[in-house]
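J.: This is the structure I have questions about; it appears just below.
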Amino acid sequence: MHSRISDLILSGPNETNEINITQEQIQRAQDQIKRLDELLTNPVRPLTKETEGRYLTKVSETENAIQRLQRKLQSLQEN
């Protein structure tokens, strides 16, 4: 039994951990989009065009990341 536990520890993250990590990454990305959306729609002070552009670019990049993470999660859950 001891060697089996050692094998599990040494083998690195298992599939369940990878699923949990991916879910957490999706949640963090969704939270980031929510925050950026708030900054865009209700800024403390007016945004410059450059800042607005950076925020919009970051939203787009984060949305793409969420799509990749969701595909990864689906693949993990199917296995």
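The values are calculated or read from the model by the stated rules, or taken from the named source; none is laboratory data. Only a predicted model underlies this, so the values are computations on that prediction, with no experimental measurement involved. Note that each Cβ is placed from the backbone with ideal geometry, even for glycine, and that neighbours are counted across all protein chains shown.
J.: Identify all residues within region 45-61 that are surrounded by 12 or more Cβ atoms within 10 Å (Cβ to Cβ) and over 26 Å from Gln25 (Cα atoms); write none if there are none.
T.: The answer is Leu47, and nothing else.
J.: Here is a further query. Out of Asn42, Asn64, which single residue is surrounded by 11 or more Cβ atoms within 10 Å (Cβ to Cβ) and free of Cβ contacts under 8 Å to residues at least 60 places away in the same chain?
T.: Within the list Asn42, Asn64, the selection yields Asn64.
J.: Here is a further query. Restricting the search to region 17-50, which residues are part of a helix (DSSP H, G or I), in contact with a Leu (Cβ under 9 Å, 6 or more places away or on another chain) and of a type outside the set (D, E, K, R)?
T.: Residues satisfying the conditions are Ile19, Thr22, Gln23, Gln25, Ile26, Ala29, Leu36, Leu39, Leu40.
J.: Say we look at region 22-53 and pick out the residues that are at pLDDT 95 or above and β-branched (Val, Ile, Thr); which of these is farthest from Glu78 (Cα to Cα)?
T.: The extreme case among them is Thr48.
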